[in-house]
Amino acid sequence: MSRTLGVLISGRGSNLQAILDAIAAGRLDARVGIVISNKRDAPGLKRAEAASVPTAFVSHRDYGSREAFDEAVVKELRAHEVDVVCLAGFMRILSPVLVQAFPDRILNVHPSLLPAFVGLDAQRQALDYGAKVSGCTVHLVDEELDHGPIVLQASVPVEEDDDEDTLSARILEQEHRLYPEAIRLLLAGRVRIAGRRAFVSP
């Protein structure tokens, strides 16, 4: 029986689309049960609707704290019997309320080789630092920002003539490849957590 994913977005939803495409192609044995956005006009909601996936808009502005907002998100996820939560461009820092509701079952994709360049504008950070290699990371989410056990990473060379847009585009290609694979490994029980590290079994 396919496991159910809940995908949280704030924007265009290109990684959501990569997940939906992997499911449609049979590379990922799962179903997206709900797509939740904190932005009413997030283009990713249109992607979900086009794939006949239920959507929900939960505005963080309607709640007095991160914890109250996360409680509302958890309620939506549980109402759709979500097994694994996937952050796909969700521009909110999770509180312990959400993290603890799905322990070791929340994945995030970040456009750097963590632990380097956490937070916003990671591609710009890499360029400003003069990094020769950047990339992306899929990791399990804990209560620290862009932290938690790393499941998969992919490197991307930083070219001499790169700007933020060109580097971001090449990293995004790898995100689209890596994220569905990391989800597949987690659902298959091939990701083992030991302390703060994740190990992927063959």
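In the Gaussian network model of the chain, springs joining C-alpha atoms below 10 Å, which of Ala122, Ala131, Ala48 carries the largest mean-square fluctuation?
Result: Ala131 has the largest fluctuation of those listed.
Once you order the gyration tensor axes a ≥ b ≥ c over the Cα atoms, which shape class does the stretch 138-202 get: rounded for a/c under 1.5, otherwise prolate or oblate by comparing a/b with b/c? It would help to have the intermediate numbers written out before the result.
Details: a/c = 2.76, a/b = 1.88, b/c = 1.47.
Since a/c reaches 1.5 and a/b is larger than b/c, the shape of the stretch 138-202 is classed as prolate.
Rounded to the nearest 20 debye, what is the charge dipole size of the chain about its Cα centre when +1 sits on each Lys and Arg Cβ and -1 on each Asp and Glu Cβ?
Numbers: 23 positive and 28 negative charges, 160 e Å.
So the dipole magnitude of the chain works out to roughly 760 debye.
Test of understanding: in a Gaussian network model of the chain with alpha carbons linked when under 10 Å, which of Glu159, Glu181, Glu173 would top the mean-square fluctuation ranking?
The residue with the greatest mean-square fluctuation here is Glu159.
Counting Lys and Arg as +1 and Asp and Glu as -1, each charge on the Cβ, what is the dipole of the stretch 109-202 about the Cα centre in debye, to the nearest 20?
Values: 9 positive and 16 negative charges, 174 e Å.
Once rounded to the nearest 20, the dipole reads 840 debye.
Output the relative contact order of the chain, whole-number percent, from Cα pairs under 8 angstrom with separation of 6+ residues.
Numbers: 384 pairs, mean separation 38.0, N = 202.
For the chain, the relative contact order is 19 percent.
How would you classify the chain from its alpha-carbon gyration tensor, with a ≥ b ≥ c the square roots of the eigenvalues: rounded for a/c under 1.5, else prolate if a/b is greater than b/c, otherwise oblate?
On the way: a/c = 1.41, a/b = 1.31, b/c = 1.08.
Here the chain falls in the rounded category.
What Rg and what Dmax come out for the stretch 1-102 when only alpha-carbon atoms are used, in angstroms?
Cα-based Rg and Dmax for the stretch 1-102 come out at 12.9, 42 Å.
I need Leu114, Leu185 ordered by Cβ neighbour count within 10 Å, fewest first. Before the final figure, lay out the partial values.
Values: Leu114 20, Leu185 17.
Arranged by neighbour count, lowest to highest, Leu114, Leu185 become Leu185, Leu114.
For the stretch 1-42 and the stretch 113-191, what is the separation of their C-alpha centers, rounded to whole Å?
Going from one Cα centre to the other spans 19 Å.
Read-outs: derived from the displayed coordinates by stated rules, not from any lab. On a predicted model such as this, the values are computed, not experimentally measured, just so you know. Every residue, glycine among them, receives a Cβ derived from its backbone with ideal geometry; neighbour counts consider all protein chains shown.
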